[in-house]
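For reference, the structure discussed in these notes is given below.
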Amino acid sequence: MILVTNDDGVDSPGLAALARALKAVDEVCVIAPNRNWTAAGHTKTLDRPLRVAKVTLHGTRLSAYSSDGSPSDCVALALLGLAPERPRLVVSGINTGPNMGSDITYSGTVSAAMEAVVSGVPGIAVSLADYYQWDFAYAAGFAARLAKRVLREGVDRDVLLNVNVPPLKRREIKGVQITSLGHREYRDELITRKDPFGRDYYWIGGGPPGGAGDPGTDLYAVAAGYVSITPVQIDLTHHALLEKISKWKLRA
Ligand code: MN
């Protein structure tokens, strides 16, 4: 069984496209948030109970669970017993927008795959690298082929696959590149306005992030028309600095 979730919410057509494509690979169980959790990161809800409802996926006959928890809560719910059996794989997406470079530290899509990996189940995050226009057909088909391969070959523990698909037609896709995370540049700005009572409120606004990646990175591959797959490890230890700081001989 493959567990499918996302961070755009259970109504997202990207989730339905992914679930439908994965049904050809194995049985599918869908548990997704009941609202949009984009950029919610890796969240665990501990301060309130979680509610779950049965729904039908948008434009399909596939039944799904909808939860008021985060994407990573949805994965936890499934792995802790809500899914009828323990999933062999968790696939999250298809996100409406890229998740490349340091985006992954914010991404609910990637966090759901992270939750899977932390719990010992392989995880794949799939994002369509366009903020405004979404045709999920190619990305869904690619995700299904990759899922099949991951199930057959296996991947190392502690590693998820972060997939970004360029917003192109199948015949325009140049190929697949296995990449490292590129360097994102955010264009965030603080927008200050007044509420009806004269008090200031703030939006963190600005345009979509940029960043010209070097060859070999996810940013570069997607800009060049390639599907990007980045193996991402949960162990964030920086080993070179570990040795360097050890030499500081810090005293307790
Ligand atoms: Mn999203």
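The number of residues in the stretch 181-205 being open to solvent by less than 70 Å² (accessible area, probe 1.4 Å), without any contact (Cβ under 8 Å) to a residue 24 or more places away in the chain and within 22 Å of the chain's Cα centre (by Cα) comes to 1.
When Gly93 is tested against the conditions (1) within 13 Å of the ligand (Cβ to nearest atom); (2) at negative phi; (3) within 14 Å of the chain's Cα centre (by Cα), the lone failure is (2).
Against the test of being more than 20 Å from Leu219 (Cβ to Cβ), modelled with pLDDT of 95 or more and not small (Gly, Ala, Ser), the options Leu160, Leu128, Leu151 yield a single qualifying residue, Leu151. Name the residue, out of Val75, Val165, that is under 15 Å from Ala17 (Cβ atoms), within 16 Å of the ligand (Cβ to nearest atom) and of a type in the set (A, V, I, L, M). Every option except Val165 fails the conditions. A residue that is under 16 Å from the mean Cα position of the chain (by Cα), open to solvent by 40 Å² or more (accessible area, probe 1.4 Å) and within 16 Å of the ligand (Cβ to nearest atom) occurs nowhere in the stretch 53-65. Residues considered: Arg35, Arg86. Of these, the only one that is assigned to a loop (DSSP other than H, G, I, E, B) and over 28 Å from Tyr131 (Cβ atoms) is Arg86.
Residue-by-condition table, conditions (1) over 19 Å from the mean Cα position of the chain (by Cα); (2) assigned to a strand (DSSP E or B); (3) closer than 20 Å to Asn99 by Cβ:
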{"site": "Val222", "(1), (2), (3)": "no, no, yes"}
{"site": "Val227", "(1), (2), (3)": "no, yes, yes"}
{"site": "Thr230", "(1), (2), (3)": "no, yes, yes"}
{"site": "Leu241", "(1), (2), (3)": "yes, no, no"}
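For the stretch 27-47, the condition of being more than 16 Å from the ligand (Cβ to nearest atom), surrounded by fewer than 24 Cβ atoms within 10 Å (Cβ to Cβ) and in contact (Cβ under 8 Å) with a residue 40 or more places away in the chain holds for at least one residue.
The values are calculated or read from the model by the stated rules, or taken from the named source; none is laboratory data. Given the structure is predicted, the values throughout are model-derived calculations rather than measurements. Note that we place each Cβ from the backbone using ideal geometry, even for glycine, and neighbour counts take in every protein chain shown. Areas reflect the complete protein model, heavy atoms only, side chains present, ligands, DNA and RNA absent. Shrake-Rupley method; radii C 1.70, N 1.55, O 1.52, S 1.80 Å.
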